[in-house]
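Below is one structure; the comments refer to it alone.
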Amino acid sequence: MQKRLSSNAIAAAGVAALLATNVASATVIATFDDLPNPPPLASPSSLQSVNNNSLSYKGVTWDSNFTVVGDQYRVDTITPGPLYGKPHSGHYFVTNQSGADGLLITTDMVLTGAWFGPNEYFGFGRGADKITIVALSGAAELGSVTHALPAIDTGQPDPLQFVDTSAFLGFSGITGYRIDREVPDQFHTNWVADDFQFEIAQAPNPATIALIVIGLVALLGMPRRPAPR
């Protein structure tokens, strides 16, 4: 014979369901197009210098080796050479200053993806072959995602490719990320990136919780019908 659920159990299940549906996540995208003092489109500048001397942007602390680049920048301005890189959106993207390795991003938000690609210098040779994004909890490595950066249009910057890091949603205790790169030689060490996507969990609205509690109290206060004989 099937047992009936008590009103307490039904109420508890209802509260759990309501709380679950009211815990949402918000997406934060670092586009680098809304910085307070962006560089000219044909120039690169350090993120700190175009962000009011701050490394904090979009709730994230960025490594001092992040450089913001406009979509008209060229290494060779005389010939002229090819564009250095292409943004995924807008007019700006970032690169690793002087080919620096191991750039750090400090945040407790979950990085779910970013757009990466190789850069171009003079139309021959290119930047890094591969990047690895490592999720960190303090000094401990929680996991990583590696993505190859193939040269598709030789001599020209390629469209950026999406690097999916949504697997990081399964980690707890994230404090930041590190971007490592693999390079063909000591002269071709850069990468370009844009539109870093972060997720941050949002707690239920206090007013919603209050309504749920009131409903639970009302449910528990209702008299139960006697079971049929």
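May I ask you to say which residue of L142, L136, L160 is in the same structural domain as G81 (by TED's automatic domain parsing) and either within 24 Å of P82 (Cα to Cα) or charged (D, E, K, R) (or both)? Of L142, L136, L160, the one residue that is in the same structural domain as G81 (by TED's automatic domain parsing) and either within 24 Å of P82 (Cα to Cα) or charged (D, E, K, R) (or both) is L160. Every listed requirement among (1) crowded, with 21+ Cβ neighbours inside 10 Å; (2) modelled with pLDDT of 95 or more; (3) within 14 Å of V192 (Cβ to Cβ) is met by R126 save one, (2). Applying a threshold of 7 Å to beta carbon distances and a minimum spacing of six or more residues, or different chains, the list of pairs starting in the stretch 19-44 at a residue that is at pLDDT 95 or above and ending at one that is part of a strand (DSSP E or B) and among the small types (G, A, S) reads P39/S45; P39/G70; P40/G70; L41/G70; A42/G70; S43/G70.
Looking only at the stretch 131-150, which residues are in a strand (DSSP E or B), without any contact (Cβ under 8 Å) to a residue 40 or more places away in the chain and farther than 10 Å from F168 by Cβ?
S137, A140, E141, T146, H147, A148
One residue stands out among those in the stretch 87-101 that are in contact with a Leu (Cβ under 7 Å, 6 or more places away or on another chain) and assigned to a loop (DSSP other than H, G, I, E, B): the one that is surrounded by the fewest Cβ atoms within 10 Å (Cβ to Cβ), which is H91. Can you find a residue that is closer than 23 Å to I29 by Cβ and of a type in the set (G, A, S) anywhere in the stretch 147-161? The answer is no, given that none of the residues of the stretch 147-161 is closer than 23 Å to I29 by Cβ and of a type in the set (G, A, S). Do we have any residue at all in the stretch 61-72 that's modelled with pLDDT of 95 or more, surrounded by fewer than 12 Cβ atoms within 10 Å (Cβ to Cβ) and in the same structural domain as F196 (by TED's automatic domain parsing)? Within the stretch 61-72, none of the residues are modelled with pLDDT of 95 or more, surrounded by fewer than 12 Cβ atoms within 10 Å (Cβ to Cβ) and in the same structural domain as F196 (by TED's automatic domain parsing). Among the residues of the stretch 174-182, none qualifies, meaning not one is more than 15 Å from the chain's Cα centre (by Cα), touching a residue at least 24 places away in the same chain (Cβ under 8 Å) and in a loop (DSSP other than H, G, I, E, B).
Of all residue pairs spaced 6 or more apart or on separate chains, those with beta-carbon atoms under 7 Å, a first member in the stretch 64-89 that is polar (S, T, N, Q) and a second member that is part of a loop (DSSP other than H, G, I, E, B) are S64/Q48; S64/L55; N65/A100; T67/L47; Q72/L41; Q72/A42; S89/T31. Can you find even one residue in the stretch 107-125 that is among the acidic types (D, E) and within 15 Å of the chain's Cα centre (by Cα)? Checked the stretch 107-125: at least one residue is among the acidic types (D, E) and within 15 Å of the chain's Cα centre (by Cα).
The values are calculated or read from the model by the stated rules, or taken from the named source; none is laboratory data. Just so we're clear, the structure is a prediction, and the values are computed from it rather than from any experiment. Glycine gets a Cβ as well: all are built from the backbone with ideal geometry, and neighbour counts include every protein chain shown.
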